[in-house]
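Encoded as structure tokens, the structure appears first; notes follow it.
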Amino acid sequence: MQKPIQLAILASGNGTNAQQISEYFAQSNDVRVNVIVYNKRDAYVATRAQQLGIDAQYFNRHDFFETDNVLHFLQDRGVDYLILAGFLLLVPDNLLRAFPNRVVNIHPALLPNYGGKGMYGHHVHEAVIANHEQFSGITIHVVDNRYDCGTTLFQARCRIDANDSADDLAAKIHLLEKAYFPRVIEAFVLNRPMPVAEL
């Protein structure tokens, strides 16, 4: 029997997506969440990892950008893919070289719109609402050395009602993330067809 593909989830904050991904693969024989790596010491994702029974490891900015500590840690654990779930740092070049086309991110908008440095979380939803867009959604993409510019794997969209606030939009985006992010990861790492978005 083939060894399951090993995922490392990189996160910076609350860890909602990290939990959903971990729960999705908990019973899988093909894909396993090996570890959750986080870069903010007080990030709630560490508590979620503990509750899920998944190893979690903190690394600071210096570890990521000035040393190979993170790389060696991931290699020692036999990690195959990196999954960014609310990870707010640009992925260092040493990780991109070690995991070519094996780093995946989710963005809470329809790229190439509303991407780039500083466009994350609620900042994105506020900008979308301020511009009176009719639709927003999620983009799941391979990561390169620029914010939100790698090859798109999957998009799903939701309609924005005239009276929606940024919080309302955030709730709609969260439902899309929950519905699709784990399934797209599974399809990508196992080289299976992508799910079809209900647009």
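The values are calculated or read from the model by the stated rules, or taken from the named source; none is laboratory data. Quick caveat, the model's predicted, so the values are computed rather than measured. Every residue, glycine among them, receives a Cβ derived from its backbone with ideal geometry; neighbour counts consider all protein chains shown.
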- Query: Before we move on, is PHE154 among the hydrophobic types (A, V, I, L, M, F, W, C) and touching a helix residue (DSSP H, G or I) at 6+ places or on another chain (Cβ under 8 Å)?
  - Reply: yes
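Within the range 146-199, count every residue that is under 21 Å from PRO4 (Cβ atoms) and not in a helix (DSSP H, G or I). First the steps, then the outcome.
Step one: of the range 146-199, the residues under 21 Å from PRO4 (Cβ atoms) are 153, 181-195.
Those left that are additionally not in a helix (DSSP H, G or I): 153, 190-195.
Looking only at that region, the number is 7.
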- Message: So the check is Cβ under 8 Å with 6+ separation or different chains; which pairs have a first residue in the range 40-62 that's under 17 Å from GLY86 (Cα atoms) and without any contact (Cβ under 8 Å) to a residue 24 or more places away in the chain and a second one that's in a loop (DSSP other than H, G, I, E, B) and of a type in the set (S, T, N, Q)?
- Response: ARG41/ASN60; TYR58/ASN39; PHE59/ASN39; ASN60/ASN39
- Task: Working only within the range 159-199, note down all residues that are of a type in the set (Phe, Trp, Tyr) and without any contact (Cβ under 8 Å) to a residue 60 or more places away in the chain.
- Result: TYR180
- Task: Could you please let me know if VAL104 is among the β-branched types (Val, Ile, Thr), surrounded by fewer than 21 Cβ atoms within 10 Å (Cβ to Cβ), out of contact with any Asp or Glu (no Cβ under 8 Å at 6 or more places or on another chain) and closer than 19 Å to ALA11 by Cα?
- Result: no
- When (1) among the aliphatic types (A, V, I, L, M); (2) farther than 21 Å from LEU84 by Cα; (3) surrounded by 19 or more Cβ atoms within 10 Å (Cβ to Cβ) are applied to ALA127, the one that fails is (3)
- Message: Here are the criteria: (1) surrounded by fewer than 19 Cβ atoms within 10 Å (Cβ to Cβ); (2) modelled with pLDDT of 95 or more; (3) of a type outside the set (Gly, Ala, Ser). Tell me which single one HIS122 does not satisfy.
- Response: (2)
- Is it true that some residue in the range 84-95 is assigned to a helix (DSSP H, G or I) and farther than 18 Å from GLY150 by Cα? no
- Filtered residues of the range 162-182 (kept if charged (D, E, K, R) and within 13 Å of ASN17 (Cβ to Cβ)): GLU177, LYS178
